[in-house]
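> Next up is a structure, given as structure tokens.
The values are calculated or read from the model by the stated rules, or taken from the named source; none is laboratory data. Please read these numbers as outputs of a predicted model, since none were measured by experiment. Counting neighbours? That spans all protein chains shown, and the Cβs are built from the backbone with ideal geometry, glycine included.
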Amino acid sequence: MHNLTAITALGSSVPSVDTVDGATLCENAELALASVHARIGHETACRAALADLLDGRVPDVGKVILRDPEAAFWTGPDQWMVGAPYETHEDLDAQLKARFGASASITEQSDAWACFDLQGAKMERVMELLCPINIRAMQTGDVQRTSLHHLGCFVIRRDPSDWVRILGPRASAGSLHHAIVTAMRSTV
């Protein structure tokens with residue numbers, strides 16, 4: 001039998017935490033993710049299943065539904081990303097497949113994305129250095145797809161107002177982390 005050890009996107013056994021004068025970056029290794037894509041002809045049933053999961057709401061363009069334990073955000077027409085705590089949703093894709101049935105194609109995404117939570121009074125200044133979005137105009141529950149250090153990323157404005165979640169390609173987690181920490185140091 002194999003003796004495997006789980007590692008984070010940055011290759012460690014514990015998530016990375018970096019604090020630089022008014023900003024803290026935490027690698028979040030506890031997020032299960034799955035994409036939901038409505039199948040042609042089943043869009044209404046897919047939306048109904050998603051609304052049932054999210055207390056009657058479906059994320060609209062540029063929006064995220066922040067619900068405990070699940071959250072979901074819009075990624076494209078009739079497409080969403082659903083997230084939940086990994087500890088209780090390790091099999092999130094299977095849970096969603098059972099709920100959505102033939103109305104949607106569900107794909108496990110946990111190992112495709114690295115998740116970083118950036119918090120602190122200087123969060124907006126850091127984000128302004130990193131990507132071309134108007135972070136100051138974003139409200140809690142807004143999400144934008146953007147280029148961050150030449151990587152396609154999602155930026156989610158969380159609550160409280162000094163907190164954003166950044167999802168970027170796991171294969172480039174080291175580059176993404178380096179870019180964020182460099183921007184944090186540049187605001188000192």
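> Just one of the numbered conditions (1) at pLDDT 95 or above; (2) outside the structural domain of residue 80 (by TED's automatic domain parsing); (3) at positive phi is not true of residue 22; which one?
Answer for residue 22: the failing condition is (1).
> Can you tell me which residue is farthest from residue 96 (Cα to Cα) among those in segment 1-35 that are aliphatic (A, V, I, L, M) and within 14 Å of the chain's Cα centre (by Cα)?
Ranking the qualifying residues of segment 1-35, first place goes to 9.
> I've got another one for you. Would you confirm whether any residue within segment 144-155 is surrounded by 15 or more Cβ atoms within 10 Å (Cβ to Cβ), within 18 Å of residue 31 (Cβ to Cβ) and not hydrophobic (A, V, I, L, M, F, W, C)?
There is at least one residue in segment 144-155 that is surrounded by 15 or more Cβ atoms within 10 Å (Cβ to Cβ), within 18 Å of residue 31 (Cβ to Cβ) and not hydrophobic (A, V, I, L, M, F, W, C).
> Could you say which residue among 96, 50, 118, 129 is crowded, with 18+ Cβ neighbours inside 10 Å, at pLDDT 95 or above and in the same structural domain as residue 181 (by TED's automatic domain parsing)?
Step by step, each of 96, 50, 118, 129 is checked, and only 118 is crowded, with 18+ Cβ neighbours inside 10 Å, at pLDDT 95 or above and in the same structural domain as residue 181 (by TED's automatic domain parsing).
> Any residue in segment 1-18 that's closer than 17 Å to residue 86 by Cβ: show its pairings with residues that are of a type in the set (A, V, I, L, M, F, W, C) and part of a loop (DSSP other than H, G, I, E, B) at Cβ separation under 6 Å, as long as the two are six or more apart or on different chains.
Pairs that qualify, where the first residue is closer than 17 Å to residue 86 by Cβ and the partner is of a type in the set (A, V, I, L, M, F, W, C) and part of a loop (DSSP other than H, G, I, E, B), are 8/29; 15/29; 16/10.
> I'd like to verify a number: residues in segment 43-67 that are under 22 Å from residue 157 (Cβ atoms), of a type outside the set (Gly, Ala, Ser) and not in a strand (DSSP E or B), how many?
Number of matching residues: 10.
> Here's something else I'd like to know. Restricting attention to segment 125-143, and to residues there that are in contact (Cβ under 8 Å) with a residue 60 or more places away in the chain and β-branched (Val, Ile, Thr), which single residue is farthest from residue 27 (Cα to Cα)?
140
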